[in-house]
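*Asks:* The structure that follows is given in the form of structure tokens.
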Amino acid sequence: MELKDALAAIVGPTHVDPAGDRHLQDVTENPPGHAEFVVRPETTAEVREVIVLAAERGTPITPVVAGYNVAGLAIPRNGGVVLDLTRMNEIVELDREAMYVVVEPGVTFAQLKSFLDAEAPELVYTYPFAPPFTSVMMNALLDGLNNLSMPHGAMGKWVNGVEAVLADGDVVRTGSGGVVDRWFSRAPVPDFSGLFVSTQGTTGIVTRIALQLQPRPAHRRRWLAFAEDLPSAYGVMRALARTGSFGDCGLMTWPAAKQVFGATRDLRKVDDEPFAYLMIDITGASEAELDSRIELGKQILEDNGIEQRFDADDAARLVPALAKLAQLPTTLDFLLDFPGGGLTWVGSYGPGDRWVDGAQRGLDLLVEHGFPPFLVSRPMDGGHFYVLRFVANFDKGDPAEVERVRTVMGKLADAVLDHDYVPYKPSADAARRILDRADPGFVRLLDRVRNAFDPDRRMNPGRW
Ligand SMILES: Cc1cc2nc3c(=O)[nH]c(=O)nc-3n(C[C@H](O)[C@H](O)[C@H](O)COP(=O)(O)OP(=O)(O)OC[C@H]3O[C@@H](n4cnc5c(N)ncnc54)[C@H](O)[C@@H]3O)c2cc1C
């Protein structure tokens, strides 16, 4: 049977199409790919049948939901079939007592937020700056950074377990849900969930994921504060993270604010403009707890020489353009609607004691290559590590600019590695740079896992 007919026999003829632009390229500088068909399964059983068919025929499989990973990670690199999982959008289970939710790949941030607001208002999930239509599961599997990552860590840590279809069609489970019918924890069984975290679909297609929820704090206050240089910004982030008393401290340098207000090119910082914006989230189980944390926060800002601080809700009311930064999930249209449509970055995690130098080196590289010094950061996991993410918008239609952005992203990946930072969600180029420097034992182990799971390298080919 022709591949198209065989796929249609599994998912129905209306859910198989020739692969088009939406699935062959993304917003980044990574070149377009090629694939024969896009297939949209609706159930784990259908995913399994597609995988078994692909295994029989040696067909490569590239999974995708929204395709907004900002690293070219869902662009099909070796033909075959794109597995579009947007139809698998069921919230399968909510456990209010054990505080977790089980979702399919196509469940979006907007969907999860409205579900929790209605069904479990005492609980919250955590949100990135990613668009509301992107996948909750992929953000967790890519080990992303969200607005509760300062106290609770990168998103891979929120995973209690998964159900996945392996390259040979075997359907497996990890975490407590692999043993009993409750997905309350990764402990105390051998921890296989990590086999699917940051592996970019190379170890299998995850069809369900159990994700931790957190209690919704009763009281909350948000500040917008201004830092004038990198050392004071780091000092505040470090102190806030280490108290364990604050929900978030996200940093963006001044080009972000210019872009929020509509500027696109030739960005220039004026003298009285802040160097960096800090979005600080303070919560409390009671008024008294909130008040004492507010006092602590004021002291920390003062100790680090930060004088300018505003109530974020007031600022958002006065300047509506800022409101989109305050309510997550949100669409950062100033990043997505840049003329020419190009958006890319090198994001990385690393140790605090190299943050100031690493940040400065990355900002210098951006400027040297003609891009504004746009940095995003936050402390992670109680201050155990930090984010350095260098962002560039560009015109996808201008080959010279695309080449320039490619060059600077390569240099940025090397620069963060030079400072002991490791790129997260690495593009193919960044992954190569990571593996070039990695301990040979790490590279051998990765190879052995991949040989065990996918010896033919058919699962999301071209990654790692
Ligand atoms: C403006 C903007 C801001 C962003 N801000 C943040 C942020 O603050 N924090 C953050 O962490 N991220 C951020 N992101 C990155 C990203 O959007 C999110 O992590 C998002 O949740 C990814 O979802 P997606 O649906 O786009 O994934 P996709 O790009 O569709 O998929 C991601 C990866 O997972 C693979 N994959 C797809 N389905 C499966 C499956 N079922 N099993 C295994 N592998 C699979 C794909 O092949 C790909 O490699 C941002 C993106 C944009 C555009």
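*Asks:* So, Gly106, is that one in a loop (DSSP other than H, G, I, E, B), under 20 Å from the mean Cα position of the chain (by Cα), in the same structural domain as Thr207 (by TED's automatic domain parsing) and among the small types (Gly, Ala, Ser) or not?
*Replies:* Yes, satisfied.
*Asks:* Which of the residues belonging to region 342-359 are open to solvent by less than 40 Å² (accessible area, probe 1.4 Å) and within 12 Å of the ligand (Cβ to nearest atom)?
*Replies:* If the condition is that a residue be open to solvent by less than 40 Å² (accessible area, probe 1.4 Å) and within 12 Å of the ligand (Cβ to nearest atom), then Gly342, Leu343, Thr344, Gly347, Tyr349 are the ones that fit.
*Asks:* Out of all the residues in region 74-81, is one or more surrounded by 20 or more Cβ atoms within 10 Å (Cβ to Cβ) and either within 8 Å of the ligand (Cβ to nearest atom) or in the same structural domain as Gly201 (by TED's automatic domain parsing) (or both)?
*Replies:* Yes, region 74-81 contains a residue that is surrounded by 20 or more Cβ atoms within 10 Å (Cβ to Cβ) and either within 8 Å of the ligand (Cβ to nearest atom) or in the same structural domain as Gly201 (by TED's automatic domain parsing) (or both).
*Asks:* Which ones in region 366-391 are touching a Phe, Trp or Tyr at 6+ places or on another chain (Cβ under 6 Å), open to solvent by 10 Å² or more (accessible area, probe 1.4 Å) and within 16 Å of Thr253 (Cβ to Cβ)?
*Replies:* Scanning region 366-391 gives a single hit, Arg389.
*Asks:* Would it be correct to say that Val47 is at positive phi, crowded, with 20+ Cβ neighbours inside 10 Å and within 10 Å of the ligand (Cβ to nearest atom)?
*Replies:* In short, no.
*Asks:* Filter region 145-156 down to residues that are surrounded by fewer than 19 Cβ atoms within 10 Å (Cβ to Cβ) and either more than 13 Å from the chain's Cα centre (by Cα) or farther than 24 Å from Tyr424 by Cα (or both), then give me how many there are.
*Replies:* 1
*Asks:* Under 20 Å from the mean Cα position of the chain (by Cα), part of a helix (DSSP H, G or I) and within 23 Å of Leu267 (Cβ to Cβ), is that true of Leu325?
*Replies:* Criteria met by Leu325.
*Asks:* Do you know which residues across region 297-309 are under 30 Å from the mean Cα position of the chain (by Cα) and either on the phi > 0 side of the Ramachandran plot or open to solvent by less than 80 Å² (accessible area, probe 1.4 Å) (or both)?
*Replies:* Hits for region 297-309 are Gly297, Ile300, Leu301, Asn304, Ile306.
*Asks:* Further question on the same structure: On the given criteria, is Thr62 near the ligand (Cβ under 10 Å from one of its atoms), at pLDDT 95 or above, not assigned by TED's automatic domain parsing to the domain that holds Trp345 and not in a loop (DSSP other than H, G, I, E, B)?
*Replies:* yes
*Asks:* Would you please list the contacts, defined by Cβ atoms under 8 Å and residues six or more apart or on different chains, that run from a residue in region 299-319 that is β-branched (Val, Ile, Thr) to a residue that is in a helix (DSSP H, G or I) and open to solvent by less than 90 Å² (accessible area, probe 1.4 Å)?
*Replies:* Ile300/Val236; Ile300/Ala239; Ile300/Leu240; Ile300/Thr243; Ile306/Ser232; Ile306/Val236
*Asks:* Would you mind finding the one in Tyr125, Tyr100 that is within 27 Å of Leu336 (Cα to Cα), crowded, with 17+ Cβ neighbours inside 10 Å, aromatic (Phe, Trp, Tyr) and more than 8 Å from the ligand (Cβ to nearest atom)?
*Replies:* On inspection, the qualifying residue turns out to be Tyr125.
*Asks:* Then there's this: Can you tell me which residue is nearest to Ala263 (Cα to Cα) among those in region 365-399 that are assigned to a strand (DSSP E or B) and of a type in the set (Gly, Ala, Ser)?
*Replies:* The residue in question is Ala392.
*Asks:* Do you know which of the residues in region 201-217 that are in contact with a Phe, Trp or Tyr (Cβ under 7 Å, 6 or more places away or on another chain) and away from the ligand (no atom under 13 Å from the Cβ) is most open to solvent (accessible area, probe 1.4 Å)?
*Replies:* Gln212
*Asks:* Answer yes or no as to whether Val65 is in contact (Cβ under 8 Å) with a residue 60 or more places away in the chain, under 27 Å from Arg457 (Cβ atoms) and surrounded by 21 or more Cβ atoms within 10 Å (Cβ to Cβ).
*Replies:* It is true that Val65 is in contact (Cβ under 8 Å) with a residue 60 or more places away in the chain, under 27 Å from Arg457 (Cβ atoms) and surrounded by 21 or more Cβ atoms within 10 Å (Cβ to Cβ).
*Asks:* What pairs can you find where one residue is in region 391-418 and in the same structural domain as Gly358 (by TED's automatic domain parsing), the other is part of a strand (DSSP E or B) and open to solvent by 30 Å² or more (accessible area, probe 1.4 Å), and their Cβ atoms are less than 6 Å apart, with a gap of 6+ or different chains?
*Replies:* Listed pairs, sorted by first residue: Val391/Trp345; Glu401/Asp395.
*Asks:* Take the residues in region 157-168 that are buried (at least 21 other Cβ atoms within 10 Å of the Cβ) and within 16 Å of Tyr100 (Cβ to Cβ), then tell me which one is farthest from the ligand (Cβ to nearest atom).
*Replies:* Filtering region 157-168 for residues that are buried (at least 21 other Cβ atoms within 10 Å of the Cβ) and within 16 Å of Tyr100 (Cβ to Cβ), the one farthest from the ligand (Cβ to nearest atom) comes out as Asn160.
*Asks:* Something else: Could you pull out the residue among Ser193, Ser185, Ser198, Ser149 that is within 16 Å of the ligand (Cβ to nearest atom), in contact (Cβ under 8 Å) with a residue 24 or more places away in the chain and more than 23 Å from Arg450 (Cβ to Cβ)?
*Replies:* Ser149
*Asks:* Related question: Does any residue of region 268-290 turn out to be free of Cβ contacts under 8 Å to residues at least 60 places away in the same chain, closer than 25 Å to Pro132 by Cβ, more than 22 Å from the chain's Cα centre (by Cα) and open to solvent by 50 Å² or more (accessible area, probe 1.4 Å)?
*Replies:* no
*Asks:* Can I ask one more? Can we say Pro339 is more than 17 Å from the chain's Cα centre (by Cα), modelled with pLDDT under 95 and either outside the structural domain of Ser245 (by TED's automatic domain parsing) or part of a loop (DSSP other than H, G, I, E, B) (or both)?
*Replies:* Answer is yes for this residue.
The values are calculated or read from the model by the stated rules, or taken from the named source; none is laboratory data. Only a predicted model underlies this, so the values are computations on that prediction, with no experimental measurement involved. Every residue, glycine among them, receives a Cβ derived from its backbone with ideal geometry; neighbour counts consider all protein chains shown. The accessibility values were calculated without ligands, DNA or RNA, using every heavy atom of the protein model including side chains. Shrake-Rupley method; radii C 1.70, N 1.55, O 1.52, S 1.80 Å.
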